[in-house]
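A.B. asks: Take this structure first; my questions come after.
Nothing in this text is a laboratory measurement; each read-out follows from the coordinates by a stated rule. Because the structure is a prediction, the values reported are computed rather than measured.
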Amino acid sequence: DWNMPDYIAEAVEAIRKQVGNDEVILGLSGGVDSSVAAALIHRAIGDQLTCVFVDHGLLRLDEGTMVMNMFGKNLGVKVVHVDATEQFMGQLAGVSDPEAKRKIIGREFVEVFQAEAGKLKNAKWLAQGTIYPDVIESAGKGKKTAHTIKSHHNVGGLPETLNLKLLEPLRELFKDEVRELGVALGLPHDMVYRHPFPGPGLGVRILGEVKKDYADLLRRADAIFIDELRATKDEEGKSWYDKTSQAFAVFLPVKSVGVMGDGRTYEYVVALRAVQTQDFMTAHWAHLPHDLLGKVSNRIINEVRGINRVVYDISGKPPATIEWE
Ligand code: XMP
């Protein structure tokens, strides 16, 4: 059992001691780990921290605004917002192999981040939201002391050529501790308890070639699904969002026929995926209520022009994976 205020005071002291007057740069993804790391480091050293938020055009709806409002406006953290959508879309054009897409997204991310880091001439430290399970994973057999640093699959592995020292204030914490810490540091509960989101983002949820138009449709369908999951409540006050480990929409670049009014439509398909899992190594598909699924389907088809069919994924992992790519 740990005492949060004491923990924060100690962590803040340790960070101050470690970095002194140096400047620190941090890649903010909007995910829980990098967000909590940013909030903690900001608490310790304020304006000596600069966050870089790279928007690859494959984020969820309004993610950029949310991150900029929360960190920039509410917490007063220095955040550089880089909209690199064009660059990512350009590099992804014509590429449909899932692993090739991942590689491109990781590589471009490093490039954009490095360019921004290069502008901050006084930065001596690279902060990362590495948590204890990442440390164990990269060390192999659970050796807490190992110095191996996980090449963060979220950011594609930032290169050593940055010549920065690593600052990883969450290295000893488990996920639930990171969340508690985030709330104690003033991050909104909903943000801290969000489902995980993969680094390549919608890039692995648009099957085959990624196009901006597809991403725009998918973002809206996904937001409707998540809104409706959050809007439910059982007897204990829990929503289906709370009761699932991950839920999202997937864009299928396949057209099917539909009817709307007097006309025939010929539009794309969206698949909904919702899973329950402890460790993400195996997972069950979530038995969402049929009326909930029906409502989500109706809303997506009525509100997102370009989608005329919604299907629900009832595959477990294994043999299916959680993501479709
Ligand atoms: P799969 O699809 O392998 O996913 O069952 C297991 C968990 O890992 C996440 N995932 C990723 N996360 N970069 C990430 O940062 C990736 O390339 C990636 N691929 C899958 C997935 O969202 C799920 O939580």
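A.B. asks: Using alpha carbon centroids, what distance separates segment 258-325 and segment 92-141, in Å?
C.D. replies: Result: 30 Å between the Cα centres.
A.B. asks: Test of understanding: what is the full-extension gain from A184 to D242, defined as 0.36 nm times their sequence separation minus their Cα-Cα distance?
C.D. replies: 18.9 nm
A.B. asks: Can you tell me, using C-alpha contacts under 8 Å and at least 6 residues apart, the relative contact order of segment 4-192 as a whole percent?
C.D. replies: After rounding, I find 26 percent.
A.B. asks: Follow-up. How long is segment 4-192 along each principal axis, judged by its Cα atoms, biggest number first, in Å?
C.D. replies: 53, 42, 35
A.B. asks: Please list, ordered by chain and number, the residues whose modelled amide H lies under 5 Å from the amide H of Q246; skip anything fewer than 5 residues away on the same chain.
C.D. replies: Long-range HN contacts for Q246: V275.
A.B. asks: Here's something else I'd like to know. Can you give the Rg and Dmax of the chain based on its C-alpha atoms, in angstrom?
C.D. replies: Rg and Dmax of the chain, Cα atoms, are 20.6, 70 Å.
A.B. asks: Would you grab the residues whose amide H sits under 5 Å from the one on G27? Only those 5+ places off in sequence or on another chain, please, with H modelled 1.01 Å from N.
C.D. replies: The list, which skips near neighbours in sequence, is V52, A127.
A.B. asks: Springs between alpha-carbon atoms under 10 Å, Gaussian network over the chain: tell me which of L59, L207, L292 tops the mean-square fluctuations.
C.D. replies: Taking springs between Cα atoms under 10 Å, the residue moving most is L292.
A.B. asks: Let me ask another. With Kirkwood's inverse mean 1/r over C-alpha pairs for Rh, give me the Rg to Rh ratio of segment 205-312, two decimals please.
C.D. replies: On the Cα set of segment 205-312, Rg over Rh gives 1.00.
A.B. asks: Another question about this same structure. Report, in listed order, any pair from K103/K255; K78/K119; K233/K295; K121/K175; K73/K238 with a Cα-Cα distance greater than 22 Å.
C.D. replies: K103/K255; K121/K175; K73/K238
A.B. asks: Which whole-number percentage describes the relative contact order of segment 205-312, with Cα contacts under 8 Å and a sequence gap of 6 or more?
C.D. replies: Relative contact order, segment 205-312: 27 percent.
A.B. asks: Kindly write out, for segment 106-114 in residue order, the coupling ³J(HN,Hα) from the Karplus curve 6.51 cos²θ - 1.76 cosθ + 1.60 (θ = phi - 60°), rounded to whole Hz, with x marking Gly and Pro.
C.D. replies: Here the 3J(HN,Hα) series is x, 5, 5, 4, 4, 4, 5, 5, 4 Hz.
A.B. asks: I'd like the Karplus ³J(HN,Hα) series for segment 68-76: coefficients 6.51, -1.76, 1.60, θ = phi - 60°, whole numbers in Hz, and an x wherever there's a Gly or Pro.
C.D. replies: So the J values, rounded to whole Hz, are 5, 5, 5, 7, x, 6, 6, 9, x.
A.B. asks: Would you look at the GNM of the chain, springs on alpha carbons closer than 10 Å, and say which of E177, E235, E86 moves the most?
C.D. replies: Largest GNM mean-square fluctuation: E235.
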